[in-house]
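The values are calculated or read from the model by the stated rules, or taken from the named source; none is laboratory data. This is a predicted model, so every value here is computed, not measured. Note: ideal-geometry Cβ built from the backbone for every residue, glycine included; neighbour counts use all protein chains shown. These accessible areas exclude ligands, DNA and RNA; they are computed on the full protein's heavy atoms, side chains included. Shrake-Rupley method; radii C 1.70, N 1.55, O 1.52, S 1.80 Å.
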Amino acid sequence: MGVRHKKIILSSKSNGDKVDNQALLIDLVDAFTFETDFNSYADFLLYCIEKHFGYTRTVLELIPRDSDKLLIASKRGLSEEFIAWSITELGSGISGKVAVNGRPMLVDDLTSNKNTAHYTRIFQKEGVYSLLSVPLAIKKKVIGAISIYGKERTTFTSDDISAILNAAGFAANFINFLYERDSIQDRLNRLERYNENLEKLKSFHDLILENVPIGVIATDVKGYVVLMNRELETMSLLRREDCPGKRWYDIFGFEGDIRHKLETSFRTSTPQLFPEINLPRKNGSTLPIEMKTDVIRDYSGERIGVVAICSNLDEKKKIEREIEKIERLAAIGKLSAGIAHEIRNPLAGISGALQAIREKIAGEPELEKVLKRVFKEINRLDSVVEKLHDVASPKKMVLDLYSISEIVEDSLFFIQKSIGGRKIRLLDRLDKSLKPIMMDRDAIRQVILNVMINAMNSMPQGGDLTVETSLLARAEVLGPEIIWYNAEHYRPAMPRPKKNAQPYQSVIITDKGIGIPQTIVPKIFEAFFSTFSSGTGLGLYISARIVEQHQGLIGVKSRPGKGSAFYILLPVRSKQVSL
Ligand SMILES: Nc1ncnc2c1ncn2[C@@H]1O[C@H](COP(=O)(O)OP(=O)(O)OP(=O)(O)O)[C@@H](O)[C@H]1O
Ligand SMILES: [Mg+2]
C-alpha cells in the first residue's frame, strides 16, 4: 500500500467478567490515530471483542469497492481451513446476508438451525456451536460484517449483543475512514506513478521533437508561437528564445501569396501544403523547403493551435542537380560517341579521295586554293571529332612530375605558330623556379591551349595575351572577384570553393579581348555553350573536367569590353597520388 502505518500493540489487559461498554469504546478510540494501519485496526477490534466479551473465534469481513465477494480483513482463533470454507458472496451465507441487509443475525445452535445444520461436521471439527453476525455500517451504508462464533450453544446474552452492536457501529466509522484513506492513498500512489510515466513520456516526446530532422513550429489558436524545435532553428538561423509570443509568419517574414494562404489556413482550420517555398533566413539568404500546416486539436476536438512541419529541400535539390548533371553527361557522352564514330570514318575516306585529286590538279593554282580551304575545314572537323571523343570517353589521368612553366612554354610555341597574320602579342612572366608537381602533362597542355585559343578568339582585332605562372599560398590571395568553377555548386551561383586553404601553382592567362557578359559567365563551362563563330563549346567543359580531376581550380574574372583573365590552379603535390 506504499505507506507504512503505525501498528497497534495489542495488550492482554482484561476487565473482569462484566462488560464495560465505555472502556471498550475508549480502547477503540485510543487505538485510532490517523497513521493507524487499517488491518491492524481490524485486528484490534477483534482483540477487543475477545478481551471485553471473551469470544476468541472471530472474523471481520469487508465489502471491497466493485466486488460481490466479502474480503477477510482480520480473523482470530479459527483454522485456515475453516476460514477458506467460510468465504461467502454477498447475499449468501450468514455474514453475506448480514452484509446485504445490515441487520444482525444470531444462530444459537449451528448444528440444528435449518440453514446451517448440514455443515454440522465442519462446525464440530472447528469446535463452534453458535454464531452472532453483526453488520459494520455507517448510517445506512454497510461496509462489512463481524462474525463471532461461540464455543457453546446459546452463548450470546442480550447485553453482549447490544454492546457488540454498539462497538461494531462505533468501530465501523474508524474502519471506514482507514479503509477509504488507504484506498485514497493507493489511488494517489497510482496517480503519482502515472504522472511519473507521463513525465517520462513527455520528455521522450520532447527528445523526439528535438532530434527529428524536420523543422517543427507550433502556435496557439491566435497564431502566436509556443514551440519551435532545434531543426527549424538551424534551418532558419533564428534563435527560438526570440520567437514565443510572436506571430510565426512575422518571424519568418512570409509575404504575399504564402502569407495569405497561411492566414486562410488559420481562419478556416484547413491543412495547407506548400510543396516548394523559400524560407527566409536570418542572414538574408533563403532555404528551399516543403511546408505542411495542420490544425492541432485537443482530445475533445477543440482547436488549440496550428502546427507547421518544414522539410529542408536543399539536400534533395543538390542530389537532383547531381543526378541531372550525371544524366546530362551520360547523354552527351552517348551522343558524342555516336557522332565521333559516324564522322571519323567518312572523314578519313574524304581525306584519302582528296589526296588523290590533289595530285591530279597539281599546277592549277585556283583549284589548289580551293582544296587547301577544304583541307582546313576537314582538319577542323577532325579536331571537333577529337574533342567529342574526349567527352565520350575521358582519358584516365597519367600523373608524373612536370614543370608547369615548361608546359606553358611548349604551348606558347604552338600558339605562336597559329597566330598567323593576327596582331596578337604574346607576353610571358613565367616563374622558372617552380618545382615540378604531379600532373598529366598532355591533359594540362590541352587545358592551357584551350584557354589561350579562347583568348586569341576574343581578340579579333589583336591585342596582348599574357601568360603568367607563380606559386600561391592559397587561392584567396587572388582576391574575391574570381568566379571559380565548382562542379558541385556550379549552377546557378558558382560560389567560391571552400577547400582552398592549400598551396597551388597557378597559370594565369589574360587577354585584352571582348570580355564575357556577367549573364553568360555561369554558362561558359557547360558543354556545347559557345559564342565563338567556329566554336563547339567543348574547350572549357573538357578543361574544367581535367582540372577537377587534378583536384585543382579553374576560374575567371572578366570585364566586358576590357578583357578576361582565366586562372588555372594545380595543387602542389610532389608525390604520387591516385586521382
Ligand atoms: N577569353 C575569353 N573571352 C571571351 N569569351 C570567352 C573567353 N573564353 C571563353 N569565352 C566564352 O566561353 C565560351 C565557351 O568556351 P569554350 O572554350 O568552352 O568553347 P568555344 O571556344 O566556343 O569552342 P571550342 O573551345 O570547343 O572550340 C566561348 O564560346 C565564349 O563565349
Ligand atoms: Mg574554346
Task: Rounded to whole Hz, the Karplus (6.51, -1.76, 1.60) HN-Hα couplings of the stretch 387-403, x for glycine and proline - done: 5, 4, 4, 4, 5, 5, 9, x, 6, 6, 5, 10, 9, 7, 7, 9, 8
- [ ] With only alpha-carbon atoms counted, please give the Rg and Dmax of the stretch 212-312, in Å.
- [x] 12.7, 42
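What whole-number value in Å² describes the accessible area per residue of the stretch 64-131 for a 1.4 Å probe?
Normalised by residue count, the accessible surface of the stretch 64-131 is 57 Å².
For the chain, give the share of DSSP beta bridges that are antiparallel, in percent and rounded to the nearest 5; count only bridges with both residues there. Walk me through the intermediate numbers first.
Numbers: 77 of 84 bridges.
Once the DSSP bridges in the chain are tallied, antiparallel ones form about 90 percent.
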- [ ] Give me the accessible area per residue for the stretch 212-312, probe 1.4 Å, as a whole number in Å².
- [x] 54 Å²
Task: Residue-averaged 222 nm ellipticity for the chain, from DSSP H runs of 4+ at -39500 (n - 2.57), nearest 500 - done: -14500 deg cm²/dmol
Open item on the list: Within the stretch 364-504, what whole-number % of the accessible surface is contributed by carbon and sulfur, with the 1.4 Å probe and all protein chains included in the calculation?
Closed with: 54 percent
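Which value does Rg/Rh take for the stretch 317-442 over its C-alpha atoms, Rh per Kirkwood?
On the way: Rg = 20.8 Å, Rh = 18.9 Å.
Ratio of gyration radius to Kirkwood radius for the stretch 317-442: 1.10.
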Open item on the list: Just the number: Rg to Rh for the chain, Cα atoms, Kirkwood Rh, two decimals.
Closed with: 1.47
Open item on the list: Viscosity 0.890 mPa s, temperature 25 °C: what is the translational diffusion coefficient of the stretch 400-571 from Stokes-Einstein with a Kirkwood Rh over Cα pairs, rounded to a whole number of µm²/s?
Closed with: 152 µm²/s
Open item on the list: Can you give me the Rg/Rh ratio for the stretch 26-71, using Cα atoms for both radii and the Kirkwood formula for Rh?
Closed with: 1.04
Open item on the list: Explain nothing, just compute: Karplus ³J(HN,Hα) = 6.51 cos²θ - 1.76 cosθ + 1.60, θ = phi - 60°, for every residue of the stretch 147-159 in order, whole Hz, x for Gly and Pro.
Closed with: 10, 10, 9, x, 7, 10, 6, 6, 8, 7, 7, 5, 4
- [ ] Find how much the distance from residue 393 to residue 359 grows on full extension, using 0.36 nm per residue of separation minus their present alpha carbon separation; answer in nm with one decimal.
- [x] 8.5 nm
Open item on the list: Run the numbers for residue 250 and residue 230: contour at 0.36 nm per residue of separation, minus the present Cα-Cα distance, in nm.
Closed with: 5.3 nm
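Using only the Cα atoms of the stretch 21-186, construct the convex hull and provide its projected area averaged over every direction, in square nanometres to one decimal. Intermediate values should be presented prior to the final figure.
Values: hull surface 36.5 nm².
Spelled out: convex hull of the Cα atoms, projected over all directions, averaged, 9.1 nm².
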TODO: Report, in debye and to the nearest 20, how large the dipole of the stretch 212-312 comes out about its Cα centre when Lys and Arg carry +1 and Asp and Glu carry -1 on their Cβ.
DONE: 140 debye
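Once you have the Kirkwood Rh of the stretch 504-579 from its Cα pairs, apply Stokes-Einstein at 4 °C and 1.567 mPa s and quote D in µm²/s. It would help to have the intermediate numbers written out before the result.
Details: Rh = 13.5 Å.
Answer from the Stokes-Einstein relation: 96 µm²/s.
Ranked by accessible surface with a 1.4 Å probe, highest first, in what order do 183, 67 come? Mind showing how you got there, number by number?
On the way: 183 25, 67 45 Å².
Result, largest first: 67, 183.
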Task: Portion, in percent, of the accessible area of the stretch 21-186 that falls on carbon or sulfur, probe 1.4 Å - done: 52 percent
Task: Hits among lysines - C-alpha to C-alpha of residue 69 under 30 Å, sequence gap 8 or more where chains match - done: 6, 7, 51, 97, 114, 125, 139, 140, 141, 151
Open item on the list: Under a crude label model (7 Å from the Cα following the beta-carbon direction), how far is residue 208 from residue 242 in nanometres?
Closed with: 3.1 nm
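What net charge do the residues around residue 331 carry, taking every other residue with its C-beta under 11 Å from that of residue 331, with Lys and Arg at +1 and Asp and Glu at -1? Working shown, then result.
Working: positive: 325, 328, 334; negative: 324, 327.
Residues near residue 331 contribute +1 overall.
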Open item on the list: I'd like the carbon and sulfur percentage of the solvent accessible area for the stretch 212-312, probe radius 1.4 Å, heavy atoms only, ligands and nucleic acids excluded.
Closed with: 53 percent
Task: Spacing of the two label points (7 Å from each Cα toward its C-beta) at residue 307 and residue 320, in nm - done: 2.6 nm
TODO: Taking just the C-alpha trace of the stretch 267-385, give me its Rg and Dmax in Å.
DONE: 32.4, 105
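Compare the peptides 287-296, 164-173, 21-30 by average per-residue count of other Cβ atoms within 10 angstrom and give them in order, highest first. Mind showing how you got there, number by number?
On the way: 287-296: 17.6, 164-173: 19.4, 21-30: 14.8.
Top to bottom by mean Cβ count within 10 Å: 164-173, 287-296, 21-30.
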- [ ] Work out the charge dipole of the chain with +1 on the Cβ of Lys and Arg and -1 on the Cβ of Asp and Glu about the Cα centre, then indicate which of 286, 62, 45 is farthest towards its positive end.
- [x] 286
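Could you give the accessible area per residue of the stretch 326-419, probe 1.4 Å, as a whole number in Å²?
Values: 6380 Å² over 94 residues.
I get 68 Å² per residue for this part.
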- [ ] Go through the stretch 64-126 and name the trypsin sites (Lys or Arg not before Pro) that are in a DSSP coil and have 10 or fewer other Cβ atoms within 10 Å of their Cβ.
- [x] 65, 114
TODO: Report, by chain and number, residues whose modeled amide H sits under 5 Å from the one on residue 304, excluding near sequence neighbours (fewer than 5 apart, same chain).
DONE: 296, 297, 298
Task: Filter on 334/396; 387/435; 282/316; 292/316; 435/512; 325/395 - keep pairs with C-alpha separation over 24 Å - done: 387/435; 435/512
Open item on the list: Take residue 281 and residue 298, extend 7 Å from each Cα along the Cα→Cβ direction, and tell me the distance between the two endpoints in nm.
Closed with: 3.9 nm
- [ ] Kindly provide log₁₀ I(q)/I(0) values, in the same order as q = 0.12, 0.15, 0.18, 0.19 Å⁻¹, from the Debye equation applied to equal alpha-carbon scatterers of the stretch 346-405.
- [x] -0.50, -0.63, -0.74, -0.77
